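Right, one structure below, let's go through it.
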Amino acid sequence: MLRSQVAKKTPLGREAKKIMDAGGLVSDEIMVSMIKNELENNKECKNGFILDGFPRTVPQAERLDSMLKEPGKGSLDYAVEMQIDDGLLVSRITGRLVHPASGRSYHKTFNPPKVPMKDDITGEPLIQRSDDNAETLVKRLVTYHKQTAPVVDYYRKQGIWRGIDASQQPGVVWKQLLDVFDEKKTGGQGILASKLGLTKQ
């Protein structure tokens with residue numbers, strides 16, 4: 001939702017981009033306003049939604065919960081924490097390349113494009129996002145450990161927190177994430193993962 005608003009250059013998106021480029025965190029008011037707008041106007045959110053990287057503080061979580069209590073908004077099923085060592089995270093993020101039009105992502109080391117800095121499908125240029133640099137990322141990690149870590153305890157108390165070791169192979173991480181989504185529907189039987197051929201028969 002945030003990236004969409006930034007890409008569309010909406011007033012909220014432009015304000016958020018300035019903060020992100022400086023390595024800061026977008027304000028609670030801006031983020032919750034964006035989420036509310038998407039839930040009310042984006043048809044893709046009709047049957048559910050995923051928030052990536054939000055909430056980052058306990059006040060944000062409380063503000064989000066308050067907004068979701070409004071008629072027709074629903075509630076959160078799970079809060080998933082992707083757990084990974086800071087050093088490994090820095091190496092992964094700083095090597096990330098993106099194809100802006102499709103959102104396809106590559107990595108300079110772990111998943112390089114066939115032709116340097118070119119999208120495999122279209123041949124169009126790849127970019128490195130302005131906030132995907134070591135200096136900005138280190139600032140964000142300091143803020144994360146200070147402000148965001150308590151959010152884990154907030155959602156643990158609600159009984160909806162789940163942790164996943166994100167240092168594993170992508171397929172393993174994806175399967176474990178699907179298992180979390182399955183919990184509400186099946187009690188953890190892994191139907192989504194099974195349909196995608198990610199479980200042993």
Exercise for the section: Tell me, yes or no, whether the range 157-166 has at least one residue that is in a helix (DSSP H, G or I) and either open to solvent by less than 50 Å² (accessible area, probe 1.4 Å) or acidic (Asp, Glu) (or both). Expected result: no
Problem - Any chance residue 68 is open to solvent by less than 30 Å² (accessible area, probe 1.4 Å) and free of Cβ contacts under 8 Å to residues at least 12 places away in the same chain - result: yes
Exercise for the section: Kindly list, by first and then second residue, each pair from a residue in the range 13-31 that is farther than 20 Å from residue 62 by Cβ to a residue that is in a loop (DSSP other than H, G, I, E, B) and of a type in the set (A, V, I, L, M), limited to pairs with Cβ atoms under 6 Å and residues at least 6 apart or on different chains. Expected result: 16/26; 19/26
Exercise for the section: Assess whether residue 153 counts as being of a type outside the set (Lys, Arg), without any contact (Cβ under 8 Å) to a residue 40 or more places away in the chain and open to solvent by less than 60 Å² (accessible area, probe 1.4 Å). Expected result: no
Exercise for the section: Could you please give the count of residues in the range 123-136 that are open to solvent by less than 70 Å² (accessible area, probe 1.4 Å) and closer than 15 Å to residue 103 by Cβ? Expected result: 3
Handout entry: Residue check for residue 6: within 23 Å of residue 140 (Cβ to Cβ), surrounded by 13 or more Cβ atoms within 10 Å (Cβ to Cβ) and at pLDDT 85 or above
Key = no
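This table checks each residue for (1) at pLDDT below 90; (2) surrounded by fewer than 16 Cβ atoms within 10 Å (Cβ to Cβ).
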residue	(1), (2)
74	yes, yes
100	no, yes
106	no, no
118	no, no
138	yes, yes
145	yes, yes
Practice task
Take residue 32 and decide whether it is farther than 19 Å from residue 131 by Cα, within 17 Å of the chain's Cα centre (by Cα) and open to solvent by less than 40 Å² (accessible area, probe 1.4 Å).
Solution key: yes
Practice task
Considering only residues that are open to solvent by 40 Å² or more (accessible area, probe 1.4 Å) and either at pLDDT below 85 or within 17 Å of the chain's Cα centre (by Cα) (or both), look in the range 10-27 and name the one that is farthest from residue 161 (Cα to Cα).
Solution key: 11
Practice task
Need at least 2 residues that are touching a Gly at 6+ places or on another chain (Cβ under 6 Å) per element, so show me which strands (runs of 3 or more DSSP E) inside the range 26-136 make the cut, counting only ones lying wholly within it.
Solution key: 79-83
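The values are calculated or read from the model by the stated rules, or taken from the named source; none is laboratory data. Keep in mind that this is a model prediction, so the values were computed, not measured. Neighbour counts run over all protein chains shown; Cβ positions are idealised from the backbone, glycine included. Protein only, heavy atoms only, side chains kept; ligands, DNA and RNA dropped before computing areas. Shrake-Rupley method; radii C 1.70, N 1.55, O 1.52, S 1.80 Å.
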